[in-house]
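All remarks here apply to the structure that follows.
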Amino acid sequence: MSSASAAAELLAVANDPKHSESGGGHGAKGVDFSRIWAVFRMMELEKANEPDFLILFESVQDVAELDSVTAPTRAKVYQVKKKDSGTWTWSILTGTVEPKAPSSKAAKAKAALPKFPKAPDFKKVPESVLGKLHLSLNAFTALPVEGIFLSNQGCDFPLESGGSTATTMPCSLADLAAGHVQLLTDAFASLSPGGPPPDLTRVKLQKVAIHPDNLNAPAIEAALDLLNERSPGHAGQAKAFVETLVMKISPLTRRTDTCLSFAELVKERGFSRGSFIAALAALEAVPDRNALFNDWMNQLQTEGMDFMTISSVRVAATRAQRDRLTGGTDVSREIDDFSDAWIAANPPTSKLRPYVEAALTELKAQFIAHRDNDLMARFVMRAITKCVDPN
């Protein structure tokens, strides 16, 4: 298989509307879930030192992952679905009725195949989650491809080895109990009559720990790990880095026009490792907030602020940074907003101590339940942020 034929095949599949997802069925939170998972996946790939990768959005299913931006040799195709609560049912994922488990061990030993009162109905299989995924995989003949159904919620299907998918994920559809495997084999075969037997080892079920009400947290944690390893001085900007990546890929998830070439497909709907490294390099160009914070603390001490106050403000800043990385609270955001407004009306002066103490007086009047060191730490952090990025 040449890289040209692989790219041409992928372009052809991406241009077939049968194999793309427009995002309409997700809802706003579902689209955000898909985007934030893609950012999380980029962190995984970069941490694994993959030499190259390309993430394509709304091209083949929800997300397609290639091992190269120029010469792909393999691909993964993802159906990425958010679910607020509960587990995924067999009927939703497959469009069929789940086989009933044998009532006893003896019956189980005799029952090689599920028994139905009538022949299984496969009419809903083409529009089912796994049915669509299987059809997309079947559209490829040159490029090795596997499919993954990925969600924040799992499913509870029996495994041939014992146990359940609820506690054993990821796993392939071939790992399911014999009756379930046979039913899926027949269901998928009905989608391509006369074609080769379905290969259930190519389709996997995977669960990811992303909570619908706190989507960014896992990606921020992954970014923090990566930055601590690659750029420790910028680890405090993990949240901003994730938000930047989400902002960069958001337009890519809304483009559905037919592309005339693989290069155009990459440009219109792709985010490569090169783009990821460029975003990381842009972060490196931003002044180190930790160094600036230390400069402010040192100057405040030089101007006569006592050592104990400086020490308590440093501790409070560490707490505030942890809070910021997890999204913050309504009150912490109110303090930040108040600080931003005060800084806009009162630009920093060469003498920092009177400037910070004047701000603290205003903050204490507005947020009487908070300790001075917490308010001072948050104010200084906001002042530094405004110095780094006035917008």
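The values are calculated or read from the model by the stated rules, or taken from the named source; none is laboratory data. Keep in mind that this is a model prediction, so the values were computed, not measured. Note: ideal-geometry Cβ built from the backbone for every residue, glycine included; neighbour counts use all protein chains shown. Calculation scope for accessible area: heavy atoms of the full protein, side chains included, ligands and nucleic acids excluded. Shrake-Rupley method; radii C 1.70, N 1.55, O 1.52, S 1.80 Å.
Overview of results
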{"quantity": "Helix axis angle, 238-249 relative to the chain longest principal axis, alpha carbon, degrees", "calculated": "50 degrees"}
{"quantity": "In nm, spacing of pseudo-spin labels at Asp225 and Gln206 (7 Å Cα→C-beta vector)", "calculated": "1.4 nm"}
{"quantity": "Net charge over other residues, Cβ less than 9 angstrom from the Cβ of Asp340 (K, R count +1; D, E count -1)", "calculated": "0"}
{"quantity": "Ala142 long-range amide H proximity, modeled H, under 5 Å", "calculated": "none"}
{"quantity": "Mean Cβ count within 10 Å, highest first, over the residues of peptides 80-86, 44-50", "calculated": "80-86, 44-50"}
{"quantity": "Net length gained if the chain between Ala341 and Leu159 were fully extended (0.36 nm per residue, minus Cα distance)", "calculated": "59.7 nm"}
{"quantity": "Helical mean residue ellipticity (222 nm; -39500 (n - 2.57) per DSSP H run of 4+; nearest 500) of the chain", "calculated": "-15500 deg cm²/dmol"}
{"quantity": "Whole-number percent relative contact order across the chain, with pairs defined as alpha carbons under 8 Å at least 6 apart", "calculated": "16 percent"}
{"quantity": "Hypothetical label at Ser2: residues of the range 132-167 whose amide nitrogen lies under 19 Å (7 Å Cα-Cβ projection)", "calculated": "141-144"}
{"quantity": "Solvent-accessible area of Asp295 with every protein chain in place, 1.4 Å probe, in Å² to the nearest 10", "calculated": "90 Å²"}
{"quantity": "FRET efficiency, Asn298 to Asp330 (Cβ-Cβ, R0 25 Å, nearest 0.05)", "calculated": "0.15"}
{"quantity": "Protection-proxy order for peptides 218-226, 54-62, each taking the mean of Cβ atoms within 10 Å per residue, highest first", "calculated": "54-62, 218-226"}
{"quantity": "In nm, spacing of pseudo-spin labels at Ile92 and Ala174 (7 Å Cα→C-beta vector)", "calculated": "2.8 nm"}
{"quantity": "Kirkwood Rh, angstrom, the range 139-266 [1 / mean 1/r, Cα pairs]", "calculated": "18.4 Å"}
{"quantity": "Helix 330-345 axis, angle to the chain major axis (alpha carbon atoms, nearest 10°)", "calculated": "50 degrees"}
{"quantity": "Point-to-point label distance, Lys267-Ala285, nm (Cα→Cβ direction, 7 Å offset)", "calculated": "2.2 nm"}
{"quantity": "Relative contact order of the range 226-367, pairs being alpha-carbon contacts under 8 Å that are 6 or more residues apart, as %", "calculated": "26 percent"}
{"quantity": "Alpha-carbon Debye profile of the chain, log10 I(q)/I(0) at 0.07 Å⁻¹", "calculated": "-0.45"}
{"quantity": "FRET efficiency estimate (nearest 0.05) - Cβ-Cβ, Ala365 to Ala278, R0 35 angstrom", "calculated": "0.20"}
{"quantity": "The chain: angle of helix 352-366 to the longest principal axis, Cα-based, in degrees nearest 10", "calculated": "70 degrees"}
{"quantity": "Cα-Cα over 19 Å, subset of Lys76/Lys204; Lys82/Lys248; Lys132/Lys204", "calculated": "Lys82/Lys248"}
{"quantity": "Distance from the range 249-296 to the range 182-246 (C-alpha centre basis), Å", "calculated": "18 Å"}
{"quantity": "Probe 1.4 Å - accessible area at Ile277, Å² to nearest ten", "calculated": "60 Å²"}
{"quantity": "Under Karplus coefficients 6.51, -1.76 and 1.60, residue-wise ³J(HN,Hα) of the range 377-382 in Hz, glycine/proline x", "calculated": "4, 5, 5, 4, 5, 5"}
{"quantity": "Rounded accessible area of Leu292 (nearest 10 Å², 1.4 Å probe)", "calculated": "50 Å²"}
